[in-house]
Amino acid sequence: MEPERECRVLSIQSHVVRGYVGNKAATFPLQVLGFEVDTVNSVQFSNHTGYAHWKGQVLNSDELHELYEGLKLNKVNRYDYVLTGYTRDTSFLAMVVDIVQELKQQNSNLVYVCDPVMGDKWNGEGSMYVPKDLLPVYRDKVVPVADIITPNQFEAELLTGRKIHTEKEALEVMDMLHAMGPETVVITSSDLQAPLGNDYLIALGSHRKNGTKMTQRIRVESPKVDAVFVGTGDLFAAMLLAWTHKHPNNLKVACEKTVSAMQHVLQRTIKSAKAQAGEGNKPNSAQLELRMVQSKKDIENPEIIVKATVL
């Protein structure tokens, strides 16, 4: 199912030689779904940092600027989408904002999809895994220029300064995030009690069209998978970009396709990891790398196994 015309994404994310995080997790699904993807690798590491060892290089903001200048000089800096994920450096993040603003001047319909990766909750306690000075940059500069954001619950709380204990509070926090700029807000995971029970994880989505107060809200409950995967957020944001493009005014369908495809990938990954680890052994980081290529058909045309509820 190709987009009607060439649709081009600039993806500024980390890169690993081995495995699937950042650009490695985002590029393949976007290409399979018919998008042209231009990647800027914010880091180049041997593998993700969940392994015992990793080596590599980090791109600084001057080097990012230089790459962008090259595109500009050749007049090939016209994009339909910008996608960003994990960043550790404030000046790099500020440079991303400058680039997004310039690209939006070129193309007023450009959509910026931002995963504001800052931290997560473990056993109910939230903690940041990026430097604390990134929070004001995300809150004051990045989110206001973003069109679609995909924070987890902890990141949504950080950005708004509001804690979420109930679904009602989550919806209020999403309204606060809309007021900051983005038309689409998806809280990708939360520790809210799922109506289907403890074995399910709740994600919430909210879409507000063009400055109106007409808001479409949904809840998605997906089965928990008992393993620590890396790169799932990057894959989620990339597929959400693709499916919101294909279903621009139907967040329910876009989220159902995104989350269903995620489930297919995760189930295939855990099955494969357990087989590699052998009976009774815990799979390691290498065995838990996402089975991306093997899931090509599921990414391209996901069988809907997770339904969203309209709120």
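In region 136-201, what trypsin sites (Lys or Arg not before Pro) fall in a loop by DSSP, with at most 12 other Cβ atoms inside 10 Å?
163
Assign one of three labels to region 10-111, namely rounded, prolate or oblate, based on the Cα gyration tensor with a ≥ b ≥ c the square roots of its eigenvalues; rounded applies when a/c is under 1.5, prolate when it is not and a/b is larger than b/c, and oblate otherwise.
Judged from the Cα gyration tensor, region 10-111 comes out oblate (a/c at least 1.5, b/c at or above a/b).
Using a Förster distance of 51 Å, how high is the FRET efficiency between residue 168 and residue 74, based on the Cβ-Cβ distance and rounded to 0.05?
0.50
Say the cut-off is 30 Å between C-alpha atoms; which of 252/297; 209/257; 55/163; 132/271 go over it?
From the list (252/297; 209/257; 55/163; 132/271), the Cα-Cα distance tops 30 Å for 55/163; 132/271.
Only Cα pairs within less than 10 Å get springs; with that Gaussian network setup on the chain, which residue of 261, 94, 25 has the largest fluctuation?
94
Please work out the C-alpha center-to-center distance from region 140-160 to region 163-179 and express it in whole Å.
Each part's Cα centre sits 12 Å from the other's.
Remind me, relative contact order of the chain in percent, using alpha carbon pairs under 8 angstrom and six or more residues apart?
RCO, the chain: 16 percent.
Top mean-square fluctuation among 220, 32, 76, Gaussian network model of the chain, C-alpha springs under 10 Å?
In this elastic network of the chain, the residue with the biggest mean-square fluctuation among 220, 32, 76 is 76.
So what's the back-of-envelope 222 nm ellipticity for the chain, counting only DSSP H runs of four-plus at -39500 (n - 2.57) apiece and dividing by all residues, rounded to 500?
Taking each H run of at least 4 residues, the total per residue is -11500 deg cm²/dmol.
Of 298, 89, 140, which has the largest mean-square fluctuation in a 10 Å C-alpha GNM of the chain?
140
Among rounded, prolate and oblate, which fits region 155-311 when a ≥ b ≥ c are the square roots of the eigenvalues of its C-alpha gyration tensor, a/c under 1.5 means rounded, and a/b larger than b/c means prolate?
Judged from the Cα gyration tensor, region 155-311 comes out prolate (a/c at least 1.5, a/b above b/c).
Excluding residue 151 itself, calculate the net charge of residues whose Cβ lies under 9 Å from the Cβ of residue 151, where each Lys or Arg counts +1 and each Asp or Glu counts -1.
With Lys, Arg at +1 and Asp, Glu at -1, the neighbours total -3.
Compute the projected area of the convex hull of the Cα atoms of region 103-217, averaged over all viewing directions, and report it in nm² to one decimal place.
For region 103-217, averaging the hull's shadow over all directions gives 7.7 nm².
Readers should treat all values here as calculations from the given coordinates under stated rules, not as data from a laboratory. The model shown is predicted, which means the values in this text are computed figures rather than measured ones. For neighbour counting, all protein chains shown are included, and Cβ atoms are generated from backbone atoms with ideal geometry for every residue, glycine included.
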